Amino acid sequence: MIRSLFGCLSAVLFLVVFTDTALAEPSVAGTYRAEGKTANGMAYGGQVGIEPNGKGVRLAWVLDGGDRYRGLGLQIDNVLGSAYWADDERFNGPGIVVYRIDGGKLHGTWLTFGGPEVGREELAGPASLEGRFEITLGQNPDGSSYHGHVNIKRRGDTYLFHWYAPGDSYIGNGIRVGDIMVVGYAEGRAPGTVAYCIRDGNLDGVWAYGGDTRLGRETLRRQSGAGAADQGAASECGGTVAMQWPLNN
């Protein structure tokens with residue numbers, strides 16, 4: 001995972017995993033070999049360790065550079081999405097939201113950094129996934145509600161999300177994986193976003209940092225651990241906006 005075209009090549013990422021019905025028991029714990037490429041084709045590699053953390057998991061990896069990243073994520077079916085950022089950067093109110101796409105409706109679950117509980121959000125707008133989307137359901141982890149709208153704009157391989165809930169609230173960068181949209185967000189500017197497809201215990205991912213509109217690629221191959229990860233239900237990883245799955249070059 002790379003912060004930018006000139007960014008660093010190592011990361012620490014903390015994830016809490018969620019399915020669309022209940023928090024999932026960790027099933028991806030183990031040690032992985034990471035191999036990836038930036039959007040410009042620069043290769044990197046490293047070791048990634050994943051360990052259970054309550055009903056979620058914690059990921060820590062060190063690549064060839066030595067810099068650290070951290071973040072949080074959610075899982076729907078066999079798609080694991082995360083927001084992440086470098087240790088030497090500060091973001092206000094970072095979080096991750098993972099939506100299931102149903103035409104012009106987006107059914108989402110979100111998690112903020114430092115908060116173990118999840119919120120819910122449903123959006124309604126154009127089936128093209130561009131334009132103004134009304135927040136038809138906004139529910140905070142404490143049960144309180146919010147309202148407003150989200151502007152979505154396709155930019156290259158990614159989607160710009162801008163929340164008004166009801167005032168100018170958050171900015172996110174979205175990556176679509178089949179019928180799942182993964183968005184890392186924060187106040188004022190977007191952190192990094194990574195979306196992994198879980199296949200036979202390995203994770204094939206695409207990522208973008210901040211406002212990047214092109215995707216890098218990362219594959220995590222299991223070296224040790226509890227065995228194949230739970231791939232969940234029906235969501236298909238094929239047909240991403242940028243590439244075919246699995247990553248093989």
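Every read-out reported here was derived from the displayed coordinates using simple, explicitly stated rules and does not represent laboratory data. Note that this is a predicted model, so its numbers are computed, not measured. Here Cβ is always computed from backbone atoms with ideal geometry, including for glycine, and neighbour counts include all displayed protein chains.
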Kindly state, to the nearest 0.05, the FRET efficiency for residue 88 paired with residue 168, given R0 = 30 Å and r defined as their beta-carbon distance.
-> 0.70
Pseudo-spin-label distance residue 155 to residue 128, built 7 Å along Cα→Cβ, given in nm, is 1.8 nm
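Any chance you could list the semi-axes, whole Å, largest first, of the equivalent ellipsoid that the Cα gyration tensor gives for the range 11-225, using √(5λ)? Present the calculation step by step, with values, prior to reporting the outcome.
Working: eigenvalues 141, 68, 50 Å².
Semi-axis lengths for the range 11-225 are 27, 18, 16 Å.
Using the Cα atoms as the points, what is the convex hull volume per residue of the range 70-154 in Å³?
Values: hull volume 9.8 nm³, N = 85.
Taking only Cα atoms, the range 70-154 has a hull volume of 116 Å³ per residue.
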Return the ratio Rg/(2.2 N^0.38 Å) for the range 120-164, where Rg is computed over Cα atoms only.
-> 1.23
